[in-house]
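The values are calculated or read from the model by the stated rules, or taken from the named source; none is laboratory data. Computed from a prediction, not measured in an experiment: that's the story for all the values here. Please note: Cβ atoms are built from the backbone with ideal geometry, for glycine as well, and neighbour counts cover all protein chains shown.
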Amino acid sequence: MLEADAQMGMSGGDPKNPVFALVEVIEALSGARSIEQIAEIVRVRARVLTGADGVTFVLRERDECVYLDEDAIAPLWKGLRFPMSACISGWAMLHGQTAVIPDIYADARIPHDAYRPTFVRSLVMTPVRPSDAIAAIGAYWGQPREPTAEEVMLLQVIARATATALANVQAYAALHETLERRKLLVSELDHRCKNTLAAVQSIADQTLRRAASPAHFVEAFNGRIGALSRAHELLTQGDWGWAGLADVVGQALTPFCGVGGLRLAVSGPQVGLAPETAVAMHMTVHELAVNATKYGALSVEGGRLDVSWEVDRREAPGALEFRWVERGGPQVDAPASRGFGSRLIEQGMAQELGGEAQILFDPEGVQFRLRAPLSSRMALA
């Protein structure tokens, strides 16, 4: 006898035995990885177990019942939505109770008009997770009858297993999303590291070519790497999202604000910059400030610097106009040649935004003007 029982257990048991059938349902539900798979398992297995003429799987979405799937001798309500207050599945979920109805036309909770086109005359509707119902399972028969206690119990057990399966699906989906996000973050980190290394390599190469001496190289290189670091620090504070133009300008000018009693004015509307654009703008402002410290308004006591921008909407899609104006410094003469810093100022932002940039060597002070069309790299408040 024990040997026979053991063989029965290994082979899955007697398929006519509801205990073994329930075990199979629970095993199937434990392997489900989507709500659709859960609904399919429930509608097929619940109908076999209860001998019902039809079974529906109903999901709760806010204040509505969504009849997600069904297995029945004739069409019921698959794909339809009803208010929670207008159907028996909603009643079961709202009250956290199983509804046992031997005759649907003798029960006031049933919307009779919705049932007249169907074969249904009696039913059992049980909630999934009664304390905070998220779904319901309905079993229907084509004749008035009193569902047995065993049929009700089987549906309730399936409902409990379904609640666990739905929780597993949510956990699986969350884990999958976390893993995908991790892959995305690793890929993004790799991309940023490569971009940063390429930028450092370019800065080193260009600075070395123009350096008059090793000391000059160290000074210029360290300053540019420091500016790049501060730009990355600003972006890191915002999780490498968009950065405000005012924040970028302020961060870039911070190391120079105590120079020579500088009078500084920064003004302009709120404009957001994409991360790569923010880095380019930061480096541009840094180079302008370095030049002003050596030769311009920041090199003398009482120099004045006005940094401003505005959005010109006279022509679509509009354009950003950025201005850097120095006053109160030494008389300005145009340089005989342009170094890496000047080329970075004029070409960096212009290439980044597809616009035009120019350094003007006005005798009263250096000016820098940038005009660039609005694009996906800029966001206006």
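Taking segment 227-260, which residues are under 22 Å from the mean Cα position of the chain (by Cα) and within 13 Å of VAL285 (Cβ to Cβ)?
Scanning segment 227-260 gives LEU234, ALA243.
Here are some residues: GLY318, GLY328, GLY354. Which one is in contact (Cβ under 8 Å) with a residue 12 or more places away in the chain, surrounded by fewer than 20 Cβ atoms within 10 Å (Cβ to Cβ) and in contact with a Gly (Cβ under 6 Å, 6 or more places away or on another chain)?
Just one listed residue meets the conditions, GLY328.
Are there any pairs with C-beta distances below 8 angstrom linking a residue in segment 134-159 that is of a type in the set (Lys, Arg) to a residue that is outside any loop (DSSP other than H, G, I, E, B), with the two at least 6 apart or on different chains, and if so which?
As it stands, the answer is ARG145/SER122, since those pairs meet every condition given.
With the condition kept exactly as written, say whether any residue in segment 193-205 is assigned to a helix (DSSP H, G or I) and at pLDDT 80 or above.
Taking every residue of segment 193-205 in turn, at least one turns out to be assigned to a helix (DSSP H, G or I) and at pLDDT 80 or above.
Please go through segment 358-371 and give me each residue that is of a type outside the set (D, E, K, R) and touching a residue at least 40 places away in the same chain (Cβ under 8 Å), ordered by number.
The answer is GLY365, VAL366, GLN367, PHE368, LEU370.
Residues are listed down the side, and each one gets a yes or a no for (1) of a type in the set (Val, Ile, Thr); (2) more than 44 Å from the chain's Cα centre (by Cα); (3) modelled with pLDDT of 80 or more; (4) more than 19 Å from VAL285 (Cβ to Cβ):
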residue: PHE322; (1), (2), (3), (4): no, no, yes, no
residue: GLY339; (1), (2), (3), (4): no, no, no, no
residue: GLU356; (1), (2), (3), (4): no, no, yes, no
residue: ILE359; (1), (2), (3), (4): yes, no, yes, no
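Across segment 121-141, what is the total count of residues that are part of a loop (DSSP other than H, G, I, E, B) and in contact with an Asp or Glu (Cβ under 8 Å, 6 or more places away or on another chain)?
Within segment 121-141, residues that are part of a loop (DSSP other than H, G, I, E, B) and in contact with an Asp or Glu (Cβ under 8 Å, 6 or more places away or on another chain) number 1.
Going by what's in this entry, would LEU264 be described as buried (at least 23 other Cβ atoms within 10 Å of the Cβ) and hydrophobic (A, V, I, L, M, F, W, C)?
For LEU264, the condition - buried (at least 23 other Cβ atoms within 10 Å of the Cβ) and hydrophobic (A, V, I, L, M, F, W, C) - is not met.
Quick check on my filter: what residues within segment 65-83 are within 18 Å of LEU49 (Cβ to Cβ) and assigned to a loop (DSSP other than H, G, I, E, B)?
Within segment 65-83, just ILE73 meets the criteria.
Just one of (1) in a loop (DSSP other than H, G, I, E, B); (2) more than 22 Å from the chain's Cα centre (by Cα); (3) over 19 Å from GLY355 (Cβ atoms) trips up PRO269, so point out which.
With respect to (1) in a loop (DSSP other than H, G, I, E, B); (2) more than 22 Å from the chain's Cα centre (by Cα); (3) over 19 Å from GLY355 (Cβ atoms), PRO269 is out only on (3).
Taking segment 229-285 only, how many residues are over 27 Å from GLY303 (Cα atoms), small (Gly, Ala, Ser) and touching a Ser or Thr at 6+ places or on another chain (Cβ under 9 Å)?
Here the count works out to 2.
Among all residue pairs at least 6 apart or on different chains, which show Cβ distances below 9 Å where the first residue, located in segment 93-105, is exposed (fewer than 15 other Cβ atoms within 10 Å of the Cβ) and the second is among the aromatic types (Phe, Trp, Tyr)?
Listed by first residue and then by second, the contacts come to GLN97/TRP91; TYR105/TYR115.
Check off (1) in contact with a helix residue (DSSP H, G or I) (Cβ under 7 Å, 6 or more places away or on another chain); (2) within 14 Å of PRO275 (Cβ to Cβ); (3) at pLDDT 85 or above; (4) not hydroxyl-bearing (Ser, Thr, Tyr) for TRP242 and give me the number that stays unchecked.
Of everything listed in (1) in contact with a helix residue (DSSP H, G or I) (Cβ under 7 Å, 6 or more places away or on another chain); (2) within 14 Å of PRO275 (Cβ to Cβ); (3) at pLDDT 85 or above; (4) not hydroxyl-bearing (Ser, Thr, Tyr), TRP242 misses just condition (1).
Out of LEU234, LEU166, report the one residue that is part of a helix (DSSP H, G or I), touching a strand residue (DSSP E or B) at 6+ places or on another chain (Cβ under 8 Å) and not assigned by TED's automatic domain parsing to the domain that holds GLU40.
LEU234
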